[in-house]
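Derivation of every value follows stated rules applied to the coordinates shown; laboratory data play no part. Computed from a predicted model, the values in this text were never measured in an experiment. Neighbour counts are summed over all protein chains in view; Cβ atoms, including those assigned to glycine, are modelled from backbone coordinates with ideal geometry.
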Amino acid sequence: MDLQTFIQSGLLESYVLGQATAEERTLVERMLLQHAEARTELSSIEQAIEQYAQVQAVTPPIWMKGRILDQLEQIAPQTPVGTSVVTPVAGTGALRIFQMLAAGLLVGVAFLWYQNGQFQQQQAQQQQQLADAVTKLNECSQHSETTRAMANLIRDADTKVIKLTNGENGKATALLYDNDVRNETGLDLSGLMAPSAPDKYLQFWAVIDGKPVSLGMVQMQAPNGWQNLDHHAGVQFYAISEENNPSGNPTPTVIVLKSDPVNNG
Amino acid sequence: MELMQDLLISRLQQQDSQAIGELYTSYGGALFGVVLRIVQSRELAEQVLQDTFLKAWRNGASYDASKGRLFTWLLNIARNTAIDATRTAYFQHYRKTDSLDNLVYAPGGAALNPDHLGVQEAVNKLDEKYKVLINLIYFKGYTQEEVAEEVGIPLGTVKTRLRYAMVELRKVFGENYAGLLALVLAMGDLS
């Protein structure tokens, strides 16, 4: 199953619900491992559900938190450290003292061995936490880089802002940022309308030398509402079409938005 | 923010009871709202909410962040606990005594989160057929087959509408690029 078909299938929604079958769960988890876009989609679904639940939150009684924490205190496992039971030792006099000392020594050794095991386990956990934290920091850094690149493109004096409209009232519903010096093009998705039906998809086009060149499918759920596109020089105008095929078509079917002629001077 | 979340998850996995306290502060109200809608009894909902956090504490080690967000995990625990509760005789008794509106909007008891009033308005604008679908499936524990029967539409239509309902919902909460940009610019020169 290709990625777009998978995303449109509703399997991710079923997975979030806990209603996916074992076979579907296996497929979803494999796709999540293989595709960052699937992970982004899953996270986006979960965030929407969380926000929806937060909007409809109902304040519980004020005593509830204390009661839960009290219950946890009562059932929390007692630490077994140093609680070994020593059976009474037989014998008298020096032998008995020796037996008691030996038993005490054994308990002490067992205690130290247990402590050492605990320490190693904690150390392994802390190392894992540190590794996870470094991974997260790297992800944050990459995200920050993306945001920085986006801001730099928008701020650059050589960047052209191109409006795409539906031609009815001239109102822009998508903004494109195009920079021939940087060779960069980015699409702001924040004002873009959704396709007219669940089984329709938006495809982005540049018209060069009178011929449409596909710039790929519009990713409606792209992070930050921003999508980077391949840059092309000499574009006459840009357009967005609505297609039935999730992977797009070689030529546009129905143009829904288009720009005015682009000034390439 | 994510780092803090990761540390919280790590503490949850080590059965730190204070981590449960923090989870309760973050998610208690949202989960109580969901549970209340399922069991339709304040008294039973309070018991279910307590059970939910005790289960979360007991099973914290089994939470796998790679398979979903923490809230989704808690939501599924809460929803399943609530559904189990509705099958008891206790539930059958209390259900007869309360109406949902009284439960959710009782004076001095429950209140919608005022921080979300604007979003609430936006949510209210969702097409009714999508709201019904989201509420039945996500917050009342219906299977997709049960929804098809309840609403009287084919199962395939349920799946399609569910997908589109989520697209609509995400638009309501959609990442606000203009807001992000303003924030970026307010942070000063990044070049």
Query - Size of electric dipole in chain A: Cβ of Lys, Arg +1 and of Asp, Glu -1, about Cα centre, debye, nearest 20 - result: 920
Report summary line: For peptide B:158-171, the mean count of other chain Cβ atoms within 10 Å per residue Cβ is 6
Query raised in the report: So, in Å, what gap is there between the alpha-carbon centers of segment A:163-233 and segment B:54-88?
Result: 41
Query raised in the report: What is the log10 of I(q)/I(0) for segment A:166-217, computed with the Debye formula using one identical point scatterer on each Cα and no solvent, at q = 0.13 Å⁻¹?
Result: -0.42
Query raised in the report: Per residue of B:66-75, what is the mean number of Cβ atoms on other protein chains within 10 angstrom of that residue's Cβ?
Result: 6
Query raised in the report: Relative contact order, percent, of segment A:150-265 when contacts are C-alpha pairs under 8 Å separated by at least 6 residues?
Result: 25
Query - segment A:228-234 - phi-based ³J(HN,Hα) in whole Hz, Karplus 6.51/-1.76/1.60, Gly and Pro as x - result: 7, 10, 5, 8, 10, 8, x
Report summary line: Per residue of A:39-51, other chain Cβ atoms within 10 Å number on average 6
Report task. Can you bin chain A into rounded, prolate or oblate? Criterion: square roots of the alpha carbon gyration tensor eigenvalues sorted a ≥ b ≥ c, rounded for a/c under 1.5, prolate for a/b above b/c, oblate for the rest. Result -> prolate
Query raised in the report: What nm value, rounded to one decimal, do you get for the distance between A:Leu105 and A:Ser247 when each label is placed 7 Å out toward the C-beta?
Result: 7.6
Report summary line: Phi angles of segment B:48-61, converted by Karplus (6.51 cos²θ - 1.76 cosθ + 1.60, θ = phi - 60°) into ³J(HN,Hα) in whole Hz with x for Gly and Pro, give 5, 5, 4, 4, 4, 6, 5, 5, 4, 5, 5, 9, x, 5
Requested in this report: Hey, can you grab everything whose amide H is under 5 Å from the amide H of A:Val213? Only 5+ residues off in sequence or another chain; H modelled, so Pro and N-termini drop out.
Outcome: A:Ala206, A:Val207, A:Ile208
Query - Kyte-Doolittle mean at least -0.5, axial Cα span of 20 Å or more - DSSP H helices of chain A - result: A:36-55, A:93-155
Report summary line: Where a ≥ b ≥ c are root eigenvalues of the Cα gyration tensor, a/c under 1.5 meaning rounded, otherwise prolate if a/b exceeds b/c and oblate otherwise, segment B:1-57 counts as prolate
Query raised in the report: Taking only the alpha carbons of segment A:189-265, what extent do you get along each of the three principal axes, in Å, biggest first?
Result: 38, 27, 19
Query raised in the report: How many nm separate the modelled label positions at B:Gln14 and B:Glu150, each set 7 Å beyond the Cα in the direction of the Cβ?
Result: 4.2
Requested in this report: Rounded to whole Hz and in sequence order, give me ³J(HN,Hα) for segment B:4-9 from the Karplus expression 6.51 cos²θ - 1.76 cosθ + 1.60, θ = phi - 60°, writing x for Gly and Pro.
Outcome: 4, 5, 5, 5, 4, 4
Query - Under-5 Å amide H pairs with A:Glu184, H placed in peptide plane, nonlocal only - result: A:Asn179
Query raised in the report: Nearest 20 debye, what's the magnitude of the dipole of segment A:169-248 about its Cα centre given +1 on Lys and Arg Cβ and -1 on Asp and Glu Cβ?
Result: 140
Report summary line: Relative contact order as a percentage, chain A, C-alpha pairs under 8 Å and 6+ apart, gives 12
Report summary line: Length gained, B:Asp6-B:Glu22, 0.36 nm per residue minus C-alpha separation, equals 4.5 nm
